[in-house]
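S.K.: One structure, pasted below without further comment.
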Amino acid sequence: MATLYSTTCRSISYSLTPSSSSSLSINGQNHHQRLNFSSCIAKRVLPAKVSFHSRRNFHLNVLLMQDGAVATPVTPVENETPFKKLKDGLLSSVPSTKEIKEAATFDVNKDESTVSITVVGASGDLAKKKIFPALFALYYEGCLPEHFTIFGYARSKMTDAELRNMVSKTLTCRIDKRENCDEKMDRFLKRCFYHSGQYGSQQNFAELDKKLKEHEGARVSNRLFYLSIPPNIFIDAVKCASSSASSGIGWTRVIVEKPFGRDSDSSAALTKALKQYLDEDQIFRIDHYLGKELVENLSVLRFSNLIFEPLWSRQYIRNVQLIFSEDFGTEGRGGYFDNYGIIRDIMQNHLLQILALFAMETPVSLDAEDIRNEKVKVLRSMRPLQLEDVVVGQYKSHTKGGVTYPAYTDDNTVPKGSLTPTFAAAALFIDNARWDGVPFLMKAGKALHNKSAEIRVQFRHVPGNLYNRNFGTDLDRATNELVIRVQPDEAIYLKINNKVPGLGMRLDRSNLHLHYAARYSKEIPDAYERLLLDAIEGERRLFIRSDELDAAWALFTPVLKELEEKKIIPEYYPYGSRGPVGAHYLAARYKVRWGDLGIEQ
């Protein structure tokens, strides 16, 4: 029985299909049975230190032998404690046959463990607008365990009641699930508490630890820290959390927000410092774009549809475009943005991660490490980015409809005369057998004509096309194009050529269109919901591994240094325009036309 996981919550699933690898002997008869457990199975079923992986792809395979012995492939969890160590390669305790049989009907809500989620930097915008609302959405959908506690931690002086009042202003219920909204909101807020402290104070974190233990009681405590703070204080917070507030007998995980450094050296230094206090499998480097529905659907679209996978190569694809645009400027965030710029803020992480997912080879499985291995191979196969393949721009003041929009440097938090790009376009190449010679064009900018994020796949012209004369000299009009609109108004559509009804032979370009809002009645979960749930479950597939980060920075660091050392002046473009003209010349050099700028988008 195939199992399809819900987009909102993941429950226990079992597959009772015949399998030669797992058999159950009952009353002398052999029954083929495979038990699949989601990652939230209680620790009373198996030894406390078992690492539960993806609820999508990794399942605990339990083998019941003829003599009643039990063989369970397990891996130790982070933060191993002495009393539960592996002894000579074997677990000190093994689940009984009775426990394995009970697992099939196990109720997650009776688990004797608890999860404590601490939002470090709880008074900031990210926490208020994204993290707390995402946690409430998970609670509303029943995706959080029965026993959980949420703590806000920041330097601001605040009471529990003041935190709850602040958080309540940003909580909303699903459009399609309004029942008992206020009641659930009240119950959720009662689980939220606050502790004020310095990010570098071990004493303050020890006080937090004491409060966490009061709520955890005698249960196995698992702790998740979300660092919603500036990167310059990451290490102080991690050091204090690790030494003074980590779990003694459960797991401890830390979610780290981007930016992960400014270049290869600073990123490597940050990773080295983090690993002084955490193991790699405790570090969850979050890129919220990887949690977006259409990005996660990329591998499904490609690997589960026969019509796409054979076409996914240089033989049929002419170019790939990854486009990100915002219709607003820095809006008071100029001080932060000026230190990074659009290349570091968007291209080196969001767009490059999407590119790696798009271009990777078929992984061995859907296990997190198998997928991340393939992404790293793609990044390491990419040609170093050259300055001549990059165009940078910066928006200037513009008056439209009687309204004057400010220039980037008009922001009071931006240094006068700043050369930080608010727009960038780049041509990248993957030097491997599948993608050799195919340009991957990236474009990202602020203060443009619209807000969107999309992937455009332009296929090659049909060789010897019998209908060329019907399209005239513009062969691009005859090109098939697959468009994956990540946001807003999520959709997937394929541009095809077809005959217009009538007696003549007139061709038209039409779309085969999957519009998510029309096809699915459920509201699409926010990316932070998916990623927070993944972190709680220990699923790392959508988080960035350290070698993946190294490979990404290796691509962009040389050109970033060159731009800064040579003080390249960005091309100025009006606020609300389609960006600098140089981006069109860059695309034209590789015989490409930006797909989002045509009459038919």
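The values are calculated or read from the model by the stated rules, or taken from the named source; none is laboratory data. All figures in this text were calculated on a predicted structure; none of them were measured in a lab. A quick note on method: Cβ atoms are made from the backbone with ideal geometry, for glycine too, and the neighbour counts reach across all protein chains shown. The accessibility values were calculated without ligands, DNA or RNA, using every heavy atom of the protein model including side chains. Shrake-Rupley method; radii C 1.70, N 1.55, O 1.52, S 1.80 Å.
S.K.: Please name which of 242, 208, 278 has its Cα lying farthest along the dipole of the range 198-302 towards the positive end, using unit charges on Cβ (Lys, Arg +1; Asp, Glu -1) and the Cα centre as origin.
M.R.: My answer, from the dipole projection, is 208.
S.K.: Note down the nm distance, to one decimal, between modelled labels 7 Å out along Cα→Cβ at residue 398 and at residue 522.
M.R.: According to this spin-label approximation, the distance is 4.0 nm.
S.K.: Tell me, what is the per residue accessible area of the range 430-550 in Å², probe radius 1.4 Å? List each step's numbers first, then the result.
M.R.: Numbers: 5310 Å² over 121 residues.
I get 44 Å² per residue for this part.
S.K.: Further, regarding this structure: Output the peptides 540-547, 209-216, 499-506 sorted from most to least packed, where packing is the average of other Cβ atoms within 10 Å over each peptide's residues. Each step should come with its number before you reach the end.
M.R.: On the way: 540-547: 20.9, 209-216: 17.0, 499-506: 8.6.
Taking the mean over residues of other Cβ atoms within 10 Å, the ranking is 540-547, 209-216, 499-506.
S.K.: Which one, 408, 420, 387, projects farthest toward the positive side of the charge dipole computed for the range 331-474 from Cβ point charges (K/R +1, D/E -1)?
M.R.: In the range 331-474, that residue is 408.
S.K.: Hey, which aspartates and glutamates would be in cross-link range of residue 567, C-alpha to C-alpha under 15 Å, not counting anything within fewer than 8 residues on its own chain?
M.R.: Qualifying aspartates and glutamates at Cα under 15 Å: 338, 388.
S.K.: Would you work out what percent of the accessible area of the range 278-424, with all protein chains in place, is carbon or sulfur (probe 1.4 Å)? Could you put the intermediate results ahead of the total?
M.R.: Working: 3060 of 5730 Å².
Exposed carbon and sulfur together represent 53 percent of the surface.
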